[in-house]
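Novice: Could you have a look at this structure, given as structure tokens, before my questions?
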Amino acid sequence: MTDSKSQMEKVVSLAKRRGFIFPGSEIYGGLAGTWDYGPLGVEMKNNIKREWWRAMVYERDDVVGMDAAILMNPKVWEASGHTEAFSDPLVECKTCHERLRADHPKEIETHAAAHTKKNESVSWTEPRQFNLLVEAKLGAVEGQKDSVYLRGEITQGVHVNFKNVLDSSRVKIPFGVAQIGKAFRNEITPGNFIFRSREFEQMELQYYLKPDEKVAAESFAYWKNERMEWYRKLGLKNARFRDHAAGELAHYAKAACDIEYDAPFGGWKEMEGIHHRGDWDLSRHAKFSGADLTYFDEETKTRYTPWVIETSGGVDRALLFFLIDAYHEEGDRTILKLHPRLAPYKAAVFPLLANKPQLVEKARQIYKNLQPTTYNLQPIAWDDRGNIGKRYYAQDEIGTPFCITIDFQTLEDDTVTVRDRDTARQERVASKDLSLFLQERLVR
Ligand code: ATP
């Protein structure tokens, strides 16, 4: 393995060079804390979201999905506590006026050390709270526009629709509502590539329960495990749980646990949070909106405000850690050992020689046959540049699990060479069995 700092630099450079992630608005000098996903990045990101949706919605009977608007009535954020409490403590360096998070001691130390090195004195202002909600103006007439917020978390879009979901579907408590979508935060110190940005995507489950400590504790433990298993099944190593101490709980939480990843920038970092939110959201929205957000339990003939267990993960952080985890160097080869389900391309098809029309035609035909269909969304790459060695190199670097080569033997017996990314082993497979061959390896 490479040393940790250079590993991060290599991942960032690979991500740019091969079209995973670009700095946002780059030709205009960028916009701090924003990133654009390129041709391979969007595939990988969609794969992460699809895997999450499959595990959290399709493979369960007790969860339904929804997709709420990013812009919401500003009262939502009063009710949720965000206008009041969604803030970070900031200190300002009196020497250079840079603002840093008061709760990030390492950054403060590094900053102070930089001044000390230049024989400059360092002192800080008292910490001040800084609200993270991003404001926007809505309306047609200048001067009469209303202030709204871009949502700081996707959570509230689900809770304000609790009654709608209940009345329009056949869910019964316990049940969950899953959602994936963009969130925006005026982060004071965006950084570490896509780890902390100002626009990012979240994937969340709000799971509604009977208000009962035992039921909630069991559900909390269950969801912690489910979420950790999801990362593990998709091949992620180096993840752990970290329970929050009572003093660090967010304003809405009765209990919280992070799933952390051992990042090459400063060690364990939050990737997902599992939160016991109690009845905070529903009771606050009931109070602020006047709507009745209680639930009538047919079994016990009682009415109550449900409690909520939430799992809240970052799509971008998951993508970053899957990339870092998958990054390997073997000799002069760079290999992204991504789980096949997350890899941007499932396979690449090559004609052995680009200047032999018979080979190219046969390869095109096989490539076409493997193209995604409505039920089978698996992008396949085509490459006929350079020699086979270079093509393998290029596909390993972007994590393509299988390379399929059409050679002269194919023209005789209709078999192809399939090379495995991780073992570099090659085997002959009948071209008519290719689809099944890939299917079997991709569902694992
Ligand atoms: P942090 O302490 O790192 O700021 P948080 O505790 O504020 O994170 P939550 O509000 O619990 O994070 O958000 C849930 C998830 O959303 C996080 O686990 C993370 O994956 C993702 N997330 C939060 N803020 C950002 C950000 N600025 N950039 C990218 N992802 C983020």
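Novice: Roughly speaking, what is the stretch gain from Ala245 to Lys337, that is 0.36 nm per residue apart minus the C-alpha to C-alpha distance, in nm to one decimal? Provide the component values of the computation, followed by the final result.
Specialist: On the way: separation 92, 0.36 × 92 = 33.12 nm, distance 3.55 nm.
Here the answer is 29.6 nm.
Novice: For a quick check of your reading of the filter: which trypsin sites (Lys or Arg not before Pro) in the range 116-208 sit in a DSSP loop and have no more than 14 other Cβ atoms within 10 Å? Could you put the intermediate results ahead of the total?
Specialist: Values: sites: Lys117, Lys118, Arg128, Lys137, Lys145, Arg151, Lys163, Arg170, Lys172, Lys182, Arg185, Arg196, Arg198; in loops: Lys118, Lys145, Arg151, Arg170, Lys172, Arg185, Arg198.
Those satisfying the criteria are Lys118, Lys145, Arg170, Lys172.
Novice: Another question, then. As a test of the definition: which semi-axes, in Å, follow for the range 269-389 when you take the square root of five times each eigenvalue of its alpha carbon gyration tensor? Largest first, please. Could the numbers behind the result be given before it?
Specialist: Details: eigenvalues 560, 88, 22 Å².
Over the Cα atoms of the range 269-389, the semi-axes work out to 53, 21, 11 Å.
Novice: Which angle between 0 and 90 degrees, to the nearest 10, do you get for helix 388-397 versus the longest principal axis of the chain when only C-alpha atoms count?
Specialist: 10 degrees
Novice: Sequence-distant or interchain residues sharing an amide H contact under 5 Å with Arg196, placed H: which?
Specialist: So Arg196 has HN proximity to Gly191.
Novice: With Rg and the Kirkwood Rh both taken from Cα atoms, where does Rg over Rh land for the chain? Let's see the in-between values first.
Specialist: Details: Rg = 25.3 Å, Rh = 24.7 Å.
When Rh is taken as the Kirkwood radius, the ratio is 1.02.
Novice: Given just the C-alpha atoms of the range 302-360, how large is their convex hull per residue in cubic angstrom?
Specialist: Each residue corresponds to 178 Å³ of Cα convex hull volume.
Novice: Sticking with this one: Can you say what percent of the DSSP beta bridges in the chain, counting only those with both residues inside, are antiparallel? Round to 5. Walk me through the numbers on the way to the answer.
Specialist: Values: 73 of 84 bridges.
Antiparallel: roughly 85 percent of the beta bridges in the chain.
Novice: For Ala217, project a label point 7 Å along Cα to C-beta. Then give me every residue of the range 235-278 with its amide nitrogen under 18 Å of that point.
Specialist: 243-246, 254-257, 275-278
Novice: Follow-up. What's the longest piece of the chain with no exposed GluC sites (Glu not before Pro), counting a site as exposed if DSSP puts it in a loop and it has at most 14 other beta carbons within 10 Å? Each step should come with its number before you reach the end.
Specialist: Numbers: sites that count: Glu59, Glu98, Glu120, Glu142, Glu298, Glu299.
No qualifying site falls inside 143-297, the longest such stretch.
Novice: Return the Cα extents of the range 345-442 along principal axes one, two and three, sorted largest first, each rounded to a whole Å.
Specialist: The principal-axis extents, from largest down, are 32, 27, 22 Å.
Novice: Please work out, to two decimal places, the log10 of the ratio I(q)/I(0) at q = 0.09, 0.16, 0.21 Å⁻¹ from a Debye calculation in which every Cα of the range 111-256 carries one identical scatterer.
Specialist: Ignoring solvent entirely, the Cα scatterers give -0.49, -1.23, -1.51.
Novice: On to the next question. To check you understand DSSP bridge types, tell me what percent of the beta bridges within the range 345-442 (both residues inside) are antiparallel, rounded to 5. Show your work: numbers first, answer last.
Specialist: Details: 10 of 18 bridges.
Percentage antiparallel, nearest 5: 55.
Novice: Quick one: 3J(HN,Hα) in Hz for the range 366-372, Karplus 6.51/-1.76/1.60 with θ = phi - 60°, rounded, Gly and Pro as x.
Specialist: 5, 4, 4, 5, 8, 4, x
Novice: Are there any trypsin sites (Lys or Arg not before Pro) in the range 313-418 that are in a DSSP loop and have at most 14 other Cβ atoms within 10 Å? List them by number. Numbers along the way, then the final one.
Specialist: Values: sites: Arg317, Arg333, Lys337, Arg341, Lys346, Lys362, Arg364, Lys368, Arg385, Lys390, Arg391; in loops: Lys337, Arg341, Lys346, Arg385.
Here the sparse-neighbourhood loop sites are Arg385.
Novice: A follow-up question, please. Between Lys75 and Glu412, what is the spin-label point distance in nm, taking each point 7 Å from the Cα along the Cα→C-beta axis?
Specialist: 7.9 nm
Novice: So, one more: Considering the options Ala318, Ser289, Ala354, tell which one lies farthest towards the positive end of the dipole of the range 286-357, charges being +1 on Lys and Arg and -1 on Asp and Glu at the Cβ, about the Cα centre.
Specialist: Towards the positive end, the residue furthest out is Ala354.
Novice: Under 21 Å Cα to Cα from Lys117, which lysines show up? Leave out anything in the same chain fewer than 8 places away.
Specialist: By straight Cα distance, Lys117 reaches Lys94, Lys106.
Novice: May I pose another question? Grab the DSSP H runs of the chain that are 4 residues or longer, score each as -39,500 (n - 2.57), total them, divide by all residues and round the 222 nm result to the nearest 500 deg cm²/dmol. If you can, show how the numbers build up before the last one.
Specialist: On the way: 14 runs with 144 residues, N = 444.
After summing the helix terms and dividing by residue count, I get -9500 deg cm²/dmol.
Novice: Nothing charged except the Cβ atoms of Lys and Arg (+1) and of Asp and Glu (-1): what's the magnitude of the dipole of the chain about its Cα centre? Round to the nearest 20 debye.
Specialist: Numbers: 63 positive and 67 negative charges, 143 e Å.
In debye, rounded to 20, the chain gives about 680.
Novice: Once phi is turned into ³J(HN,Hα) by the Karplus curve 6.51 cos²θ - 1.76 cosθ + 1.60 with θ = phi - 60°, what whole-Hz value does each residue of the range 280-296 show in order, with x for glycine and proline?
Specialist: Per residue, the Karplus-derived 3J(HN,Hα) values read 3, 5, 5, 6, 5, 5, 4, 5, 6, 9, x, 6, 8, 10, 8, 10, 9 Hz.
Novice: Now for a separate question. Taking the Cα centre of the range 223-327 as origin, sum charge times position over the Cβ atoms of Lys and Arg (+1) and Asp and Glu (-1), and report the length of that vector in debye to the nearest 20.
Specialist: Numbers: 15 positive and 18 negative charges, 22 e Å.
Dipole magnitude for the range 223-327 comes out near 100 debye.
Novice: Against the longest alpha carbon principal axis of the chain, how many degrees, from 0 to 90 and to the nearest 10, is the axis of helix 39-53 turned?
Specialist: It is inclined by approximately 60 degrees.
Novice: To the nearest 0.05, how large is the calculated FRET efficiency for Arg128 and Leu31 if R₀ is 30 Å and r is the Cβ-Cβ distance? Don't skip to the end; give the middle numbers.
Specialist: Working: r = 25 Å, r/R0 = 0.82.
Efficiency at R0 = 30 Å is approximately 0.75.
Novice: Let me ask another. Which of Cys403, Cys257, Cys96 comes first, and how do the rest follow, when ranked by fewest Cβ neighbours within 10 Å?
Specialist: Details: Cys403 26, Cys257 20, Cys96 11.
Starting with the residue having the fewest Cβ neighbours, the order is Cys96, Cys257, Cys403.
Novice: Oh, and also: Can you figure out the FRET efficiency of Lys145 with Lys94, using R₀ = 41 Å and their beta-carbon distance, to the nearest 0.05?
Specialist: Details: r = 37 Å, r/R0 = 0.90.
Step by step, r from the Cβ atoms, then E = 0.65.
Novice: Still on this structure, I have one more. Helix 315-326: angle to the longest alpha-carbon principal axis of the chain, degrees 0 to 90, nearest 10?
Specialist: Its long axis makes an angle of about 40 degrees.
Novice: On to the next question. Could you run the Karplus curve 6.51 cos²θ - 1.76 cosθ + 1.60 with θ = phi - 60° over the range 252-267 and give me ³J(HN,Hα) per residue in whole Hz, x for Gly and Pro?
Specialist: Running phi through 6.51 cos²θ - 1.76 cosθ + 1.60 with θ = phi - 60° gives 9, 9, 8, 7, 8, 9, 9, 9, 10, 10, 7, 7, x, 10, x, x Hz.
Novice: Okay, next question. List the equivalent ellipsoid semi-axes of the range 189-241 in whole Å, largest first, each obtained as the square root of 5λ for an eigenvalue λ of the Cα gyration tensor. Don't skip to the end; give the middle numbers.
Specialist: Numbers: eigenvalues 152, 58, 19 Å².
Semi-axes from the Cα gyration tensor: 28, 17, 10 Å.
Novice: Using DSSP to define loop residues, name the trypsin sites (Lys or Arg not before Pro) in the range 404-441 whose beta-carbon has at most 16 other beta-carbon atoms within 10 Å. Please report the intermediate quantities before stating the final value.
Specialist: On the way: sites: Arg419, Arg421, Arg425, Arg428, Lys432, Arg441; in loops: Arg421, Arg425.
Counting only loop positions with at most 16 other Cβ atoms within 10 Å, the trypsin sites (Lys or Arg not before Pro) in the range 404-441 are Arg425.
Novice: So, one more: Grab the other residues whose beta carbon is less than 10 angstrom from that of Pro127, score K and R as +1, D and E as -1, and report the net. It would help to have the intermediate numbers written out before the result.
Specialist: On the way: positive: Arg101, Arg128; negative: Asp88, Glu92, Asp103, Glu126.
Around Pro127, the surrounding residues sum to -2.
Coordinate-derived values only; no laboratory data. Please read all numbers here as calculations on a predicted model, not as lab measurements. Note: ideal-geometry Cβ built from the backbone for every residue, glycine included; neighbour counts use all protein chains shown.
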